[in-house]
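What follows is a single structure, written as structure tokens, with notes after it.
The values are calculated or read from the model by the stated rules, or taken from the named source; none is laboratory data. All values derive from a computational prediction rather than experimental measurement. When we count neighbours, we look across all protein chains shown, and the Cβ atoms used for this are built from the backbone with ideal geometry, even at glycine. Surface areas here come from the heavy atoms of the whole protein model, side chains and all, with no ligands, DNA or RNA. Shrake-Rupley method; radii C 1.70, N 1.55, O 1.52, S 1.80 Å.
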Amino acid sequence: MKIYNTLTRQKEEFIPLDPKEIKMYVCGPTVYNYIHIGNARPYIIFDTVRRYFEYKGYKVNYVQNFTDVDDKIIKRANEENTTAIEIVEKYIAETLKDADGLNIKRAVVHPRVTQEMPAIISMIQTLMDKGFAYEVNGTVYFDIQAYRDYGKLSHKNQEDLEAGARIEINEDKKHPMDFVLWKPKKPGEPSWESPWGDGRPGWHIECSAMAKKYLGDTIDIHAGGEDLIFPHHENEIAQSEAANGKPFARYWMHNGFINVDNKKMSKSKGNFFTLREVAQEFPYEVIRFFMLSAHYRSPINFSRELLQAAQNGLERIKNAVINLDHIVNHSATEEMTEEEIQLSGELEVFVKKFEEAMEDDFNTADAVSVIFELVRFANTHINGNSSKAFTSVVKKKIIELSNILGLLEKQENDLLDEEIEKLIQERQEARKAKNWALADQIRDALKEKGIILEDTPQGVRWKRL
Ligand code: AMP
Ligand code: ZN
């Protein structure tokens, strides 16, 4: 499998540290507002990356933080005449609601800055002890000149850094690009005790501290939108590698922007659409499909026309599944014909092409095209006279490939055979335990989905109505 690594600026063979488990950290949002459609991109993309790894049999230890203390949160709380905690609780809940709509799996851990102070303070202390940080009047700075590799992710050299530094008068800093690890308390702001006085952490240190705590010193993949490359991820590398004395993340993945009129959609520019408002016009699943229809590193221009096109495309796939389902339920032929047996052998070619696309730096655009090809294959080779068996395997393949991308999972009235078997087994167990109520409940639930059970001396048989 190949992944484009921002660190080396090339596609590299992906080799995880542990052959069974992947350690993945994705920077999460600062929670002071509904997320916009640009923020939704990394959510969808890296969830899809995770799902693909899981499909390949890896366990994915996926960590995504919530930044729950920040100037913007405090400002918002003041504007709304409420507390930072209320703002944070509200928008974490809203963000998770959006994520559920998009069928994003929950991270294994969603650490929050305010709950990780000991880990954060301990890492800053290590940086002080090792001479990578210095304190001036209660503010602790990272000393970029003490860390030789500073700039390696964003490929900036010392001159770029000097030129890039805003002309700001801050005589406390040794270098204009030195960044804050800890800042002193201001009146009316939340604060925590620390060896450098009461205050709160700078933004970058939280991810270094949380990645270390939940995943260890060296992780496989670190990801986020490309605006995070500099300074956020550059600073994370500096902090983690200086403190731990080990390489931090082995592969750095960054998604391209969602633009509006070729400008990055952002809260500060005001040119944004919240995911919530777009989801009122287009189902969440269409938004997910829209994002996956482009390569994750390419910019996407946001427009209603493109969303409409995505909706039409997704409907084409869904309609194919509904038609196939109908044939499975109504065809008079059970078994595959010789010709169908041969054709079903071709299904593996689609799977292979799909996997090749995904393993070429997660080319979801090509993977989606393979699903369309499979739909065309179904439309060409299946009609009302096709066998149930053949129609069913083709239908399942379309659903299976779509599911890897997090699509078509909520197809109603569409229990997969494995799911039915599992429910029947559960019912058998309930009966064995003389839990008749549960057994009847399962039978009724299956009936509602059009599945009829027959108890025979040979065991339970089922059929679709
Ligand atoms: P923020 O809350 O601004 O830190 O953003 C959360 C995530 O969304 C980060 O990974 C950002 O890189 C990403 N992001 C923000 N704006 C966009 C955009 N217009 N297009 C794609 N990703 C974005
Ligand atoms: Zn981060």
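For the stretch 58-74, a residue qualifies if it is of a type outside the set (S, T, N, Q) and either crowded, with 18+ Cβ neighbours inside 10 Å or touching a residue at least 12 places away in the same chain (Cβ under 8 Å) (or both), and the qualifying residues are 58, 59, 60, 62, 63, 66, 68, 69, 70, 72, 73, 74. Beta carbons closer than 6 Å, at least 6 apart along the sequence or on distinct chains, pair a first residue in the stretch 24-42 that is among the basic types (Lys, Arg) with a second that is more than 7 Å from ligand 1 (Cβ to nearest atom) and in a helix (DSSP H, G or I) for 41/291.
If you go through the stretch 24-35 and keep only what is open to solvent by less than 10 Å² (accessible area, probe 1.4 Å) and within 13 Å of ligand 1 (Cβ to nearest atom), you end up with 25, 26, 31, 35.
Taken over the stretch 88-131, the criterion of being polar (S, T, N, Q) and either under 24 Å from residue 212 (Cα atoms) or open to solvent by 10 Å² or more (accessible area, probe 1.4 Å) (or both) is satisfied by 103, 114, 115, 122, 125, 126. Residues of the stretch 223-238 that are more than 8 Å from ligand 2 (Cβ to nearest atom), buried (at least 23 other Cβ atoms within 10 Å of the Cβ) and not polar (S, T, N, Q): 223, 234, 237, 238. Candidates in the stretch 415-465 are the residues that are basic (Lys, Arg) and not in a helix (DSSP H, G or I); of these, the one that is surrounded by the most Cβ atoms within 10 Å (Cβ to Cβ) is 464.
For the subset of the stretch 1-23 comprising residues that are more than 17 Å from residue 297 (Cβ to Cβ) and without any contact (Cβ under 8 Å) to a residue 24 or more places away in the chain, which member is farthest from ligand 1 (Cβ to nearest atom)?
As a first pass, look at the stretch 1-23 and keep what is more than 17 Å from residue 297 (Cβ to Cβ): 13, 15-23.
Going one step further and asking which of them are without any contact (Cβ under 8 Å) to a residue 24 or more places away in the chain, we end up with 13, 15, 18-19.
Numbers: 13: 25, 15: 25, 18: 25, 19: 28 Å.
Among those residues, the one meeting the criterion is 19.
Just one of (1) over 28 Å from residue 150 (Cα atoms); (2) away from ligand 2 (no atom under 16 Å from the Cβ) fails for residue 31. It is (2).
Among the conditions (1) of a type in the set (D, E, K, R); (2) over 16 Å from residue 329 (Cβ atoms); (3) without any contact (Cβ under 8 Å) to a residue 60 or more places away in the chain, residue 417 misses just one, which is (2).
Considering only residues in the stretch 239-263 that are in contact with a strand residue (DSSP E or B) (Cβ under 9 Å, 6 or more places away or on another chain) and open to solvent by 60 Å² or more (accessible area, probe 1.4 Å), the one that is farthest from residue 63 (Cα to Cα) turns out to be 261.
Residue-wise test of (1) in contact with a Lys or Arg (Cβ under 7 Å, 6 or more places away or on another chain); (2) more than 16 Å from ligand 1 (Cβ to nearest atom).
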| site | (1), (2) |
| --- | --- |
| 136 | no, yes |
| 158 | no, yes |
| 204 | no, no |
| 215 | yes, yes |
| 219 | yes, yes |
